[in-house]
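S.K.: Have a look at this one before I ask anything.
Nothing in this text is a laboratory measurement; each read-out follows from the coordinates by a stated rule. All values reported here derive from a predicted model rather than from experimental measurement. Here the Cβ is made from the backbone with ideal geometry for all residues, glycine too, and neighbour counts use every protein chain on show.
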Amino acid sequence: MLLVPMLSLRKTVPIILILGGVFLSPTIKPLASPQTLFLHNTGATSLRVDDYLPGGFVYHNLGTSSTDNLWRAFFALYFEEFPEDIAFGQANDEGELSSGTFSTMDSLDASEDSTSATSSFSFQDTTIGITIYQRVLSCKSNEHWIRLNILLSNNSDENLTGGKLLFFYDADIPAYDFDNDYCGLDSTRLLLYEYDSTFSIWTGFAILTDTLPVLFGNFNNWYAKGNSPEDILELITSPTWDSSISDTDCAVYSVIPLNDIPAGGETDTISFAFVCGEALETISSATDEARGDTSAVSRTSLSPKDISISIFPNPFNSSVRMRADSPGNFRIYDITGREVASFKGKSSAIWHADKSTSGVYIVEFVSGPIRIAKKAVLLK
């Protein structure tokens with residue numbers, strides 16, 4: 001497998017944190033770059049996030065191991081209104097899985113301090129008309145798991161029904177021996193994993209969202225048979241767990257049925273945890289911690305480093321969508337400091353700027369004592 005080098009450059013526009021009306025020097029260090037990729041690393045496990053591989057993940061490894069044990073992982077979406085189409089991401093440790101249907105909408109924004117790191121960006125599919133907002137959070141105190149949150153927004157003019165979200169995960173452990181993996185399922189924890197007992201590497205993902213039914217799949221010989229949109233569609237429409245597969249090149253995946261998404265509507269946040277450890281007990285405990293831990297993603301008790309806002313598209317020419325990690329008040333100011341729009345008690349809002357002139361605007365988000373400001377550029 002190829003280990004892709006990490007790039008870590010500072011963004012040119014910092015996030016401004018204001019507490020109690022007083023400007024403070026932020027302790028968070030921006031790490032995004034134009035390329036953009038970022039490595040979440042807790043010390044025991046890591047996950048690489050790329051906004052040029054939307055809907056996909058590579059490089060998930062155990063910190064005590066020197067090898068990258070993730071071959072590929074990605075999202076896929078299906079709706080009854082598009083029975084022969086599928087929206088899917090792409091990720092492959094030695095190149096693209098295939099030409100995925102997602103394109104980056106809002107580029108990666110990553111930051112970290114001594115205790116935690118967050119990354120977020122959004123991507124969309126033009127065939128179905130769906131946008132995915134992704135946020136990843138890792139904490140040094142929770143070494144064996146990294147949390148992934150996504151939210152789906154329906155940009156089409158019709159209701160989307162019968163939706164299914166597939167999360168696919170293919171590990172190769174150890175990296176130089178493709179034929180030595182074994183797939184496992186803990187249906188109580190909604191945990192799917194692969195492991196190699198010789199080198200004591202256990203890795204996989206867990207579904208944290210309280211949603212049932214959840215369908216599980218175990219797939220043999222993915223490289224030879226599954227490298228196409230047609231096979232991804234087959235996986236998402238007819239998953240099955242094959243417990244007879246063992247000691248071979250396998251992958252695990254899960255399909256989560258979605259509630260109907262009305263035109264212009266969105267889903268609740270769907271959460272996963274990437275887990276790694278030296279034993280099954282380790283990743284089982286990590287899953288329990290991730291499911292029970294709310295300190296990093298709580299919507300009621302967030303610290304400044306836990307809150308981020310996204311603005312997309314940016315620059316924009318008619319309307320801009322703003323999103324935060326918790327409910328609060330959005331206010332938009334022009335360059336002179338005049339308030340031109342406001343939205344109260346929202347975690348997301350759309351500003352229609354048809355009557356505003358081109359220029360730089362300040363989007364301010366306020367939640368309790370926390371204030372965050374970002375620039376938005378209107379181009380007509």
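S.K.: Between Glu80 and Asn220, what is the label-to-label distance in nm when each label sits 7 Å out along the Cα-to-Cβ direction?
M.R.: Roughly 3.4 nm, to one decimal.
S.K.: Suppose a student asked you for the relative contact order of the range 108-185, using Cα pairs under 8 Å spaced at least 6 residues apart; what percent would you report?
M.R.: Relative CO of the range 108-185 lands at 19 percent.
S.K.: Given Lys164/Lys355; Lys164/Lys346; Lys346/Lys380, which pairs have Cα atoms separated by over 32 Å?
M.R.: Going by Cα-Cα distance, Lys164/Lys355 fall outside the 32 Å limit.
S.K.: Please give the length that would be gained between Asp288 and Thr240 if that part of the chain were fully extended, namely 0.36 nm times their separation in residues minus their C-alpha to C-alpha distance (nm, one decimal).
M.R.: 14.8 nm
S.K.: Order these peptides, 269-277, 190-198, 372-380, 355-363, by their mean beta-carbon neighbour count within 10 angstrom, highest first.
M.R.: Ranked by mean Cβ neighbours within 10 Å, highest first: 269-277, 190-198, 372-380, 355-363.
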